[in-house]
Amino acid sequence: MTETFDIAIVGAGITGCAIARQLARYDLSICVVEAANDIALGASKANGGLVHAGYDPAPGTVKAQVNARGCELYGTWAQELGFLFRRTGSMVLGFNDEDRAHLEKLRSNGLANGVPELSIVGPERIHELEPRASADATCALWCPSTGFVDPFEVAIAALENAVANGVTFMRSAPVEAIEVAGSDATDGAARFTLVTPVGDVRCRYLINAAGNGAADISHMAGAEEFQMVWRQGNIVVLDKEPRALMPLYPVPTPVSKGVIVTGTVHGNTVITATAAVREPGDTQTYTNDVNALLTGARKLVPDLDTRRVVRAFAGGRPVIKGTNDFFIGQSDVVPGLFQAAGIQSPGVASAPAIAERMEHVMREAGVALRERVDWDPIRHAPDDFDRAPLARKEELIESDPAWGQIVCRCETVPEAEIVAAIRCRPGAVSVEGVKRRCRAGMGRCQSGFCQSRVVAILARELGCDPSEVLLEDAGSWLVEGPLKRVR
Ligand SMILES: Cc1cc2nc3c(=O)[nH]c(=O)nc-3n(C[C@H](O)[C@H](O)[C@H](O)COP(=O)(O)OP(=O)(O)OC[C@H]3O[C@@H](n4cnc5c(N)ncnc54)[C@H](O)[C@@H]3O)c2cc1C
């Protein structure tokens, strides 16, 4: 089976989903082609969720431009797409004169990059802003525009909105080869054919947002040759706190922002992230890395109870070998191919601006972008039972008793919310997909209590046997025999 679109976007990470959402406002047929069976299964599922403000990247780089702008756009994106975003501000803590000199440098970087309201503050103000910050900190760079999000929620919300506006999502469709016909796309013909095991996709314009697979896509299309480096990072998540911590950063190193401690939109504390070049695909956590995280975190927040770790995980930043910058633009070799490659950190913070820049690049390249009259920028977020006011909770239970059947006790997720996560478009097709959409299994017990119930609900909703239900992607079955006493 072959389907034809104006635009195909390879990769349903936060970059591809943001671009799909940005372009969905135009009169174009668009398909997002994803190797995995769900949204955000690459770097976008394993990161700190920080919306860095943009004082870090060297001025003049693409990163510098899209980071500060992305951070600015998050307010509007969160409002329109109904995802959680907290703009708490952040501090980079300094402990001596050398650190202070570094903070001054970050501040002037930030000013050059357009980051608003940066200032250097002393111990009293540090304590006022974040009472749990180390009392040994003598100075800090205070940056009010930093915030944090749940990164999968952002990607899911963006693609849901794109799909509601007519974008097609093709999952479990790894692009294995790309055929390129003719010399350009000006005649209106589909120029690219993407070969996948579930059918071919033909398109006039191709957008490469394949994360760590971006070099392969560029190579398959006969475009720029580059190599990806898997800059791996370990992260740990601590149990919920009564108050989410403001993101606290150390003075950065040349390749990383160092070990950061931050609250999350769900009230947990996250310690993120180490940085080491490792084998592509390595998502193991390492004792040394975890120890480095815990030690680094205690330096910033001495009273942090690091015994409260509920989860450790790892991901790989998609870095282009030989550059520390993003590559966003039309290919010089293959016109009609647009690259959003090397989206290492801060790809989450930059995503809305990467999408905006991609739109600009395409317009400049002559792609006809005619606004649709029926484009709807609003995504109506599904009901979050745990956060809902009591009156809404009662209303929901009244409408369907399944809203009162709590399946995940740690996160207070009822059966009806899980069903909604499966039935939405594009819906969850795995236990982890459910978890990313409504947090069932995300809490303190890490799904020890609710996993079998979620498996049963997925089996019922997807019309399959529990033994066919996946934990995550293809091949990750969980159940070998019948489930005991599960309705
Ligand atoms: C440990 C760690 C911490 C981080 N912390 C932060 C942070 O706090 N803030 C921040 O801003 N950034 C952070 N980042 C960076 C951020 O996670 C990435 O920049 C961002 O997720 C990249 O998104 P992406 O969509 O470009 O790539 P991905 O999320 O990797 O998506 C690419 C997609 O392309 C698909 N794909 C690949 N090849 C093919 C193919 N051949 N056919 C079809 N599909 C294909 C993949 O399956 C994948 O789903 C962190 C990264 C790591 C690893």
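The values are calculated or read from the model by the stated rules, or taken from the named source; none is laboratory data. Predicted model, so just to flag it, every value in this text is computed and none were measured. So basically every Cβ, Gly included, is an ideal-geometry build from the backbone, and we count neighbours across all protein chains shown. The area values use the complete protein model at the heavy-atom level, side chains included, leaving out ligands, DNA and RNA. Shrake-Rupley method; radii C 1.70, N 1.55, O 1.52, S 1.80 Å.
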- [ ] Using only the Cα atoms of the chain, build the gyration tensor, take square roots of its eigenvalues as a ≥ b ≥ c, and label the shape rounded, prolate or oblate: rounded if a/c is under 1.5, else prolate if a/b is larger than b/c, else oblate.
- [x] oblate
Task: trypsin sites (Lys or Arg not before Pro) restricted to DSSP loop in region 387-430 with at most 13 other C-beta within 10 Å - done: R387, R409
Task: HN-Hα J in Hz across region 150-166 - Karplus 6.51, -1.76, 1.60, θ = phi - 60°, x for Gly and Pro - done: 8, x, 6, 4, 5, 4, 5, 4, 5, 6, 4, 5, 5, 5, 4, 9, x
Task: Solvent-accessible area per residue, Å², over region 349-440 with all protein chains present [probe radius 1.4 Å] - done: 49 Å²
Open item on the list: Skipping prolines and chain starts, which residues have an amide H placed within reach, meaning under 5 Å, of the one on W477, given they are 5 or more residues away or on another chain?
Closed with: L471
- [ ] Report, to the nearest whole %, how much of the accessible area of region 303-392 belongs to carbon and sulfur atoms, 1.4 Å probe, protein only.
- [x] 49 percent
Open item on the list: Check which residues have an amide H placed less than 5 Å from G42's amide H, if you skip close sequence neighbours.
Closed with: none
- [ ] With the cut-off at 18 Å, report for region 1-144 the share of all Cα pairs above it, as a whole percent.
- [x] 67 percent
Task: Relative contact order (%) - region 356-454, alpha-carbon pairs under 8 angstrom, separation at least six - done: 20 percent
Open item on the list: Taking a ≥ b ≥ c as the square roots of the Cα gyration tensor eigenvalues, with a/c under 1.5 meaning rounded and otherwise prolate when a/b beats b/c, else oblate, which class fits region 283-421?
Closed with: oblate
TODO: Give the distance, in whole Å, between the Cα centre of region 36-68 and the Cα centre of region 433-454.
DONE: 26 Å
Open item on the list: With a 1.4 Å probe and all protein chains left in place, how much of the accessible area of region 1-53 comes from carbon and sulfur atoms, in whole percent?
Closed with: 44 percent
TODO: Could you rank C31, C410 by how accessible they are, 1.4 Å probe, largest area first?
DONE: C410, C31
TODO: Tell me which residues come under 5 Å, amide H to amide H, from V319 once H is placed; ignore anything under 5 positions away on its chain.
DONE: V229, R231
Task: Unsatisfied cross-links (Cα-Cα over 26 Å) in the set K45/K321; K240/K321; K45/K393; K299/K435 - done: K240/K321; K45/K393; K299/K435
- [ ] Please give the calculated 222 nm ellipticity per residue for the chain, where each DSSP H segment of at least 4 residues contributes -39500 (n - 2.57) and the sum is spread over every residue; nearest 500 deg cm²/dmol?
- [x] -9500 deg cm²/dmol
Open item on the list: Above 27 Å lies some portion of the pair distances; for region 67-202, what is it as a whole percent of all C-alpha pairs?
Closed with: 50 percent
Task: Residues of region 127-209: accessible area per residue with a 1.4 Å probe, Å² - done: 34 Å²
- [ ] Obtain the nm distance between the two label points defined at V333 and A58 by a simple spin-label model: each point lies 7 Å from its Cα along the Cα-to-C-beta direction.
- [x] 2.4 nm
- [ ] Keeping the other protein chains in place, figure out the carbon and sulfur percent of the accessible area of region 438-481, with a 1.4 Å probe.
- [x] 53 percent
Task: Centre separation in Å (Cα based) which lies between region 220-252 and region 345-404 - done: 23 Å
Task: Unit Cα scatterers, Debye sum, region 293-355: log10 I(q)/I(0) for q = 0.11, 0.25 Å⁻¹ - done: -0.47, -1.05
Open item on the list: Can you compute the modelled spin-label distance between R387 and E98, with each label point 7 Å from Cα toward Cβ, in nm?
Closed with: 4.2 nm
Task: Residue-span extension gain [T295 to C464] - 0.36 nm each, minus C-alpha spacing - done: 56.2 nm
Open item on the list: Just to be sure I follow the definition: excluding the sites themselves, where is the longest run in the chain that has none of the GluC sites (Glu not before Pro) in a DSSP loop with at most 14 other Cβ atoms within 10 Å?
Closed with: 226-479
Open item on the list: If I model a spin label at T2 and R444 as a point 7 Å from the Cα along the Cα→Cβ vector, what separation in nanometres do I get?
Closed with: 5.8 nm
Open item on the list: Per residue of region 261-267, what does 6.51 cos²θ - 1.76 cosθ + 1.60 with θ = phi - 60° give for ³J(HN,Hα)? Whole Hz please, x for Gly and Pro, Karplus curve as stated.
Closed with: 10, 8, x, 10, 5, 9, x
Task: Accessible area in square angstrom per residue, region 251-318, 1.4 angstrom probe - done: 46 Å²
